[in-house]
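Have a look at the structure below before the remarks.
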Amino acid sequence: MYRFHARSANETSNDAGFTLIEVVVAIAMLGILSTAALGVYLSGVNSAATQQRRQVAIAIANSAMEKAIAWPAGTATIGRGANAVSARWTANDSIPGVRTTYKSFDASAPTNAVGALPVTNASGNSVNGTNYTVDILVGTCFQIKPTVGLQPGGPCTVTTGWPNQPAVPSNKTKLTRVIVVVRWTAGAGCATGNCNYHASTLIDSNLELDWNTP
């Protein structure tokens with residue numbers, strides 16, 4: 001004999017689904033998690049793009065530096081006009097080494113000429129949609145000569161009180177400083193051109209080098 005049990009109105013079913021409130025809460029939580037995940041993803045993408053641009057800038061700077069130091073001694077500034085050089089010196093005033101270097105230019109060149117080795121190149125360096133400007137600054141500075149018992153060295157810098165290069169002091173030697181500055185405007189915080197990579201080197205073009213002899 002079969003017995004049937006009638007479910008009373010007070011009994012609840014184990015097969016009951018989600019309530020509307022539970023569904024809304026679940027959707028809201030999913031939205032929050034998705035937004036957070038998207039933020040992390042975009043941050044990673046931007047970080048990767050920033051690093052890629054910097055690597056490109058480093059490669060461009062290295063290439064420009066190799067090109068600059070390959071020029072015969074004293075010829076890198078041929079054709080560089082005074083105004084063109086001064087403009088780039090001013091634009092890069094905050095770059096290390098610029099304030100401690102006397103700018104060099106060709107007095108016989110048109111004032112706005114950029115030179116055979118261009119003091120600036122504002123175009124022609126576009127990589128993956130990002131344009132890179134390149135400034136190659138060439139100037140001079142003074143470093144203490146080696147003396148008996150002392151190594152040459154100290155900073156290669158300008159002479160206090162002399163805005164233009166004076167005669168070479170007897171206790172110092174004149175060196176050539178090359179500074180390469182690469183800038184780009186793509187990416188967060190770079191619109192004003194404050195994203196840059198710079199490199200510098202000193203070149204001793206003296207025909208006879210000084211030696212520290214006992």
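Of all the numbered requirements in (1) modelled with pLDDT of 90 or more; (2) surrounded by 14 or more Cβ atoms within 10 Å (Cβ to Cβ), residue 50 misses one, and that requirement is (1).
Just one residue in the set 68, 73, 64, 82 is under 17 Å from the mean Cα position of the chain (by Cα), under 26 Å from residue 143 (Cα atoms) and in contact (Cβ under 8 Å) with a residue 24 or more places away in the chain; that residue is 64. Across segment 84-95, the number of residues qualifying as surrounded by 14 or more Cβ atoms within 10 Å (Cβ to Cβ) and more than 19 Å from residue 176 (Cβ to Cβ) comes to 2. Within segment 92-119, being among the β-branched types (Val, Ile, Thr) and assigned to a loop (DSSP other than H, G, I, E, B) holds for 95, 98, 100, 101, 111, 119.
The values are calculated or read from the model by the stated rules, or taken from the named source; none is laboratory data. Values in this document were obtained by computation on a predicted structure and should not be read as measured data. Every residue, glycine as well, gets a Cβ built from its backbone with ideal geometry; the counts of neighbours run over all protein chains shown.
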